[in-house]
Amino acid sequence: MVDPAATIRHADIAIVGAGAAGLATAIFAARHNPAPLIVALDGARKLGAKILVSGGGRCNVTNVAVEPDDFRCDNPNPLRRVLRSFTAQQAAGFFRELGVGLHEEERGKLFPDSNSAGTVLAALVQEATARNVALLTGHRVLGIAPRAGAFELLTSAGRVHALRVVLATGGMSLPKTGSDGTGYEFARRLGHTIIPPVPALAPLELEGDFHASLAGVAHDVELAVQVEGERAVAVSGPMLWTHFGISGPAAMDASGAWERARAEGKRAAVAANLVPGRDFAAVERQLLQRAVEHPRERLPGALAELLPSRVAAAVAAHLAIPSDTQLAQLARQTRRRLVHALLAWPLPVRRSRGYTHAEVTAGGVPLREINPATMESRVCPGLFLVGEILNVDGRIGGFNFQWAWSTGYVAGSACAAF
Ligand SMILES: Cc1cc2nc3c(=O)[nH]c(=O)nc-3n(C[C@H](O)[C@H](O)[C@H](O)COP(=O)(O)OP(=O)(O)OC[C@H]3O[C@@H](n4cnc5c(N)ncnc54)[C@H](O)[C@@H]3O)c2cc1C
């Protein structure tokens, strides 16, 4: 890493932000063309804080199957094109070349064999350094101004003149890692629209106290976020009940749609199918059949086949169905009320836990303002944008890093073509 006191006043390519997307851009630019002087400026004293905390400290690098449907954005066509330009398989090959083997875990997630995010960060930094990229830590960029077909960057450690600039400043999630949203202001001043950012992949706080008694219980659910006047957004996966509400992949995947609706002043309701993969007829049939086979069985026992017994007991109690009710005694109306409740259990969201707990930021620079063949701005020639600053957010599972690698590959190859 270059001594921050070192003075670089002129660069061919200045990358603002040396997180996942910035480092990938630097490496692919240097691989594409070793001639230009490439600097990556980062305000942090130490690089890669977000990579290090990612995936519970293990860094879920990508996913075996990455599809446009795994992301939310303003335009799926450029998204598809960028993902095709550098696929998850290419990302896995790239990390293998850097000495980071990956293995697959549940839901297609790929993690480093070392099970340590430090390996991923070290490999990226080592490769960038080996390719003569100047990694300037402690260089917070304060302003970017176009100057006669090039750019002047004002940093906390002096001015840098650059022919091309890559904005890789990330979003606003986990601001203590250095991603505090200043990049949006740079992009706006350089002519871009900013779709108002909202936290996504964040746990959700619930009203009431139903959740509190279930803290620590995790199970599969299907969640539906119903925003007024829109089609419901459906997500599925494990959900964790907590003392404040809900967390886990399903809850976090649902949070972005809820936050977006709230930011737009729309009403949004979240409901859980606590017996995923089943509909009303299937659940009712199962209860009826069980009542014939085991008429004296108590309700929580019968429900335990469908969902964790603690959740089943809490649902029954909430509906005021005594826990010692035997299946044969369950009145038709009560049974139907119970089945309806299991299929659409209301989750009264008070708020999400916000940027300090969000894994990603939704919103940012719309893809329609970017050329997906190069990641160059359509409104400010010579400016490129990569990673989370763009209006793309993926679900949990390695998709957000894949977006960083893919955009870094496309921008790196294009911005280094002199
Ligand atoms: C807790 C947590 C866990 C996560 N786990 C995963 C996971 O396992 N898999 C996955 O795919 N995704 C995960 N993510 C999301 C993923 O980390 C991000 O999507 C990804 O890091 C975005 O990369 P980026 O380079 O665009 O932005 P960032 O990683 O945020 O990097 C931006 C960089 O820009 C620098 N910067 C910002 N402003 C300035 C400025 N003005 N001047 C100089 N430098 C600046 C920052 O210091 C930072 O280093 C996780 C996120 C969090 C918060």
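Numerical summary
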{"item": "Chain lengthening between Q329 and L154 when straightened (0.36 nm per residue, less Cα-Cα)", "result": "55.4 nm"}
{"item": "With eigenvalues of the C-alpha gyration tensor scaled by 5 and rooted, the chain, Å", "result": "48, 20, 17"}
{"item": "Antiparallel DSSP beta bridges within the chain, percent to nearest 5", "result": "75 percent"}
{"item": "Among 359-366, 345-352, the order from most to least packed when residues are scored by Cβ within 10 Å on average", "result": "359-366, 345-352"}
{"item": "Between helix 280-293 and the chain: long-axis angle, C-alpha atoms, 0 to 90°, nearest 10", "result": "40 degrees"}
{"item": "Ranked by how many other beta carbons lie within 10 Å on average, peptides 377-385, 279-287 from highest", "result": "377-385, 279-287"}
{"item": "0 to 90° range, to nearest 10: angle between helix 88-97 axis and the chain longest Cα axis", "result": "60 degrees"}
{"item": "Shape call, segment 194-331: gyration tensor on alpha carbons, a/c limit 1.5", "result": "prolate"}
{"item": "Most fluctuating residue given options A14, A232, A250, as computed from a GNM of the chain linking Cα atoms under 10 Å", "result": "A232"}
{"item": "Set of lysines with alpha-carbon distance to K176 below 16 Å, sequence-local pairs under 8 removed", "result": "K46, K50"}
{"item": "Among 133-140, 217-224, the order from most to least packed when residues are scored by Cβ within 10 Å on average", "result": "133-140, 217-224"}
{"item": "The chain: angle of helix 20-32 to the longest principal axis, Cα-based, in degrees nearest 10", "result": "40 degrees"}
{"item": "Residue of G22, G394, G99 that the Gaussian network model of the chain assigns the largest fluctuation, springs spanning Cα pairs under 10 Å", "result": "G99"}
{"item": "At most 12 other Cβ within 10 Å, DSSP loop - trypsin sites (Lys or Arg not before Pro), segment 293-332", "result": "R296"}
{"item": "Kirkwood hydrodynamic radius of segment 61-187, from inverse mean 1/r over distinct Cα pairs, in Å", "result": "17.5 Å"}
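All of the numbers you see were taken from the coordinates with simple rules; none came from a lab. Keep in mind that this is a model prediction, so the values were computed, not measured. In this analysis, Cβ positions are derived from the backbone assuming ideal geometry, glycine residues included, and neighbour counts consider all displayed protein chains.
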